[in-house]
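The values are calculated or read from the model by the stated rules, or taken from the named source; none is laboratory data. Everything numeric here is computed off the predicted structure, so don't read it as measured data. Cβ: placed from backbone, ideal geometry, glycine included. Neighbour counts: every protein chain shown. These accessible areas exclude ligands, DNA and RNA; they are computed on the full protein's heavy atoms, side chains included. Shrake-Rupley method; radii C 1.70, N 1.55, O 1.52, S 1.80 Å.
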Amino acid sequence: MNTVIVIPVYNEARVVGQVIEDVRAHGFQHIVVVDDGSKDESWCVASAHDALALRLKVNRGKGAAVKTGIMAANLLDADVVVTMDGDGQHDPADIRPLITPILEGKSDVVLGSRLLQREEMPKIKVLANNVGNFFTWLFYGLLVSDSQSGFRAYSRYAALIIDTKADKYEYDSKVIREIKNNRLRFTEVPVHTRYTEYSKGKKTKQGFLNGLVTLYRMVWKMVA
């Protein structure tokens, strides 16, 4: 089946080329990289590595980049769409177990869960993710073990039907709402996280302050 890997990036020129090559090394050739208005050469590096490289003119947010990539995958007639981060934290070896429930016809969406391998995560991240899981359940009525993970797989049907206006980090939680509202079959599989010096030193990442902003946006869009 035609599996398309979608990788949103923002200022990841140092590592995105290696991420692309690692994905290819695991047998996945169809790769869409969406540059979310980077200030570095992320788009050029992705293009040089023969990915389908798209570029947003301004920095709109992770959710906007992921949605753009999924739209491109749909135009490429993807049977399965996988989304993963461009900073090297996600292990391409996990793509195969991530898509297997979809290939077997058992799920529409598969959520990669870092909390099923929580010994790899710093305790502060475990706490922050559990807080995010609680509020996602409170607002949207579906309890999952890692609502903030961006490592996910979607069937063709799910990729076409999921529709959320979220452009920032709250996108991942809004997808959980879409799973519930559209009665999509979902499962979770454990994924590994590679905490490198590069990924830990990034200025633009989902941290405590970003988490508070994400929570604010989730609440505001429910009451506004």
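Quick notes on this one:
- Close pairs (9 angstrom Cβ cut-off, 6 or more residues apart or separate chains): free of Cβ contacts under 8 Å to residues at least 12 places away in the same chain in the range 135-149, assigned to a loop (DSSP other than H, G, I, E, B) and surrounded by fewer than 17 Cβ atoms within 10 Å (Cβ to Cβ) anywhere: 137/143
- Each residue in the range 148-176 was checked for being of a type in the set (Gly, Ala, Ser), touching a strand residue (DSSP E or B) at 6+ places or on another chain (Cβ under 8 Å) and either farther than 18 Å from residue 6 by Cβ or outside any loop (DSSP other than H, G, I, E, B) (or both), and 4 pass.
- Exactly one residue out of 138, 143 is more than 27 Å from residue 59 (Cβ to Cβ) and either assigned to a helix (DSSP H, G or I) or open to solvent by less than 40 Å² (accessible area, probe 1.4 Å) (or both): that is 138.
- Residue ID - least open to solvent (accessible area, probe 1.4 Å), chosen from residues in the range 177-195 that are in a helix (DSSP H, G or I) and either at pLDDT below 90 or not aliphatic (A, V, I, L, M) (or both): 178
- Set 51, 64: member being under 15 Å from the mean Cα position of the chain (by Cα) and under 20 Å from residue 152 (Cβ atoms): 64
- All conditions in (1) modelled with pLDDT under 95; (2) open to solvent by 50 Å² or more (accessible area, probe 1.4 Å) hold for residue 174, with the sole exception of (2).
- Close pairs from the range 73-94: first farther than 16 Å from residue 33 by Cα, partner surrounded by fewer than 23 Cβ atoms within 10 Å (Cβ to Cβ) and of a type in the set (Asp, Glu), Cβ under 9 Å, at least 6 apart: 91/22; 93/22
- Annotation: of all residues in the range 48-72 being over 22 Å from residue 113 (Cβ atoms), out of contact with any Leu (no Cβ under 9 Å at 6 or more places or on another chain) and among the small types (Gly, Ala, Ser), the one that is surrounded by the most Cβ atoms within 10 Å (Cβ to Cβ) is 51.
- Residue within the range 94-114 that is under 12 Å from the mean Cα position of the chain (by Cα), part of a loop (DSSP other than H, G, I, E, B) and buried (at least 22 other Cβ atoms within 10 Å of the Cβ) present: no
- If the condition is being over 14 Å from residue 189 (Cα atoms) and surrounded by 22 or more Cβ atoms within 10 Å (Cβ to Cβ), then the range 149-165 contributes 155, 158, 159.
- Scanning the range 89-105 for residues that are in contact with a Ser or Thr (Cβ under 7 Å, 6 or more places away or on another chain) and at pLDDT 95 or above gives 99, 101, 102.
- Criterion: under 27 Å from residue 185 (Cβ atoms), touching a helix residue (DSSP H, G or I) at 6+ places or on another chain (Cβ under 7 Å) and not hydroxyl-bearing (Ser, Thr, Tyr) - qualifying residue of 102, 31: 31
- Residue selected from the range 1-35 under the condition surrounded by fewer than 18 Cβ atoms within 10 Å (Cβ to Cβ) and among the charged types (D, E, K, R), by the criterion nearest to residue 104 (Cα to Cα): 24
- Taking the range 1-28 as the range and being under 18 Å from the mean Cα position of the chain (by Cα), closer than 15 Å to residue 76 by Cβ and assigned to a loop (DSSP other than H, G, I, E, B) as the test, only 28 passes.
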